[in-house]
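Q: Okay, handing you the structure first.
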Amino acid sequence: MLIEKLIRKLKNDPNYKWENPYSVRDLTCVMAVRFAQALRGLFLKPFLKSSSGLIFLGSNVKVRHAYQIRVGKNFILEDNVSINALSNQGINIGDHVSIARDSIIFCTGIISQKGTGITIGNRTGINARAYLGGQGGITIGNDVIMGPNVQIFSENHNFDQPGIPIKEQGVTRKAVSIGNGCWIGAGTTILAGVEIGEGCVVAAGSVVTKSVPANKVVGGIPARIIKSREV
């Protein structure tokens, strides 16, 4: 099929195949949406720091400080995504990355305290309504998949002094990293300072408060190791 061959070329994946048959009407609707997104992407491309290929831009997408964003090939931003790249390191995105609808990605909260930035590796998919706060830095590896409603925080408010309003006690920033090939389940919350090793699975609805070694399955509130994926 012509469309299948085109996608193989775009993804640079000779093994890519349709898993189910689609009608001509199905394919026409899909291609019409992608064509409109590619046209919108042309208007964003000149404002980015760098880009290597096509950009597919959904409707009502908001991108601020685009001059601090680097993207690779075939970058997909679905409808209603909001990105603010203001930070020391900006936002760096690899090839074949998709960010689904209604996601919020930002690097600086309080304007007086410029944030660190966010890096997302190749072939990573971020599902709907993600919330990535990169004030303290977030690094996401290659081939990571995330369910909807994932939240990642890299900054916390200090609250040790009861006599002072919490908002006046400042913040503590700690970087978050997620290794290659992880699956982060729907509704997961990952807190500042957490490092998740490559190949991990985080069960849906978990709150990850401590770092996780590679190839572990974790779940719960707070998340604990359930089993190992190692043979």
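The values are calculated or read from the model by the stated rules, or taken from the named source; none is laboratory data. Please read all numbers here as calculations on a predicted model, not as lab measurements. Note: ideal-geometry Cβ built from the backbone for every residue, glycine included; neighbour counts use all protein chains shown. The protein model used for the area step is the full one, side chains on, heavy atoms only, and it has no ligands, DNA or RNA in it. Shrake-Rupley method; radii C 1.70, N 1.55, O 1.52, S 1.80 Å.
Q: Return the only residue of G133, G170, G141, G163 being of a type outside the set (K, R) and in contact with a Gly (Cβ under 6 Å, 6 or more places away or on another chain).
A: When all the criteria are applied, what remains is G141.
Q: Which residue pairs have Cβ atoms closer than 8 Å, lie 6 or more positions apart in sequence or on different chains, and pair a first residue in the stretch 24-49 that is free of Cβ contacts under 8 Å to residues at least 40 places away in the same chain and within 16 Å of V63 (Cα to Cα) with a second residue that is of a type in the set (D, E, K, R) and open to solvent by 80 Å² or more (accessible area, probe 1.4 Å)?
A: Going by the 8 Å Cβ cut-off, the qualifying pairs are L48/R70.
Q: Further question: Having 3 or more residues that are at pLDDT 95 or above is the bar; report the strands (runs of 3 or more DSSP E) wholly within the stretch 69-175 that clear it.
A: Fully inside the stretch 69-175 and qualifying: 69-71, 75-77, 82-84, 91-93, 104-106, 118-120, 131-133, 138-140, 151-153.
Q: Would you say I145 is over 16 Å from S87 (Cβ atoms), open to solvent by less than 40 Å² (accessible area, probe 1.4 Å) and touching a residue at least 24 places away in the same chain (Cβ under 8 Å)?
A: no
Q: Would you point out which residue out of T119, T124 is free of Cβ contacts under 8 Å to residues at least 40 places away in the same chain, open to solvent by 10 Å² or more (accessible area, probe 1.4 Å) and not aliphatic (A, V, I, L, M)?
A: T119
Residue-by-condition table, conditions (1) closer than 22 Å to I190 by Cα; (2) out of contact with any Phe, Trp or Tyr (no Cβ under 7 Å at 6 or more places or on another chain):
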| residue | (1), (2) |
| --- | --- |
| Y22 | no, yes |
| V30 | no, yes |
| R34 | no, no |
| Q89 | yes, yes |
| V97 | yes, no |
| N122 | yes, yes |
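Q: Considering every residue within the stretch 179-197, establish whether at least one is in contact with a strand residue (DSSP E or B) (Cβ under 7 Å, 6 or more places away or on another chain), among the acidic types (D, E), outside any loop (DSSP other than H, G, I, E, B) and open to solvent by 40 Å² or more (accessible area, probe 1.4 Å).
A: yes
Q: Tell me whether the stretch 45-57 contains one or more residues that are under 30 Å from K167 (Cβ atoms), open to solvent by less than 40 Å² (accessible area, probe 1.4 Å) and of a type in the set (S, T, N, Q).
A: no
Q: Quick one: count up the residues across the stretch 75-93 that are among the β-branched types (V, I, T) and closer than 14 Å to N127 by Cβ.
A: 2
This table checks each residue for (1) touching a Cys at 6+ places or on another chain (Cβ under 8 Å); (2) closer than 22 Å to F43 by Cβ.
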| position | (1), (2) |
| --- | --- |
| V61 | no, yes |
| H65 | no, yes |
| V71 | no, yes |
| N84 | yes, yes |
| H96 | no, yes |
| T119 | no, no |
| N122 | no, no |
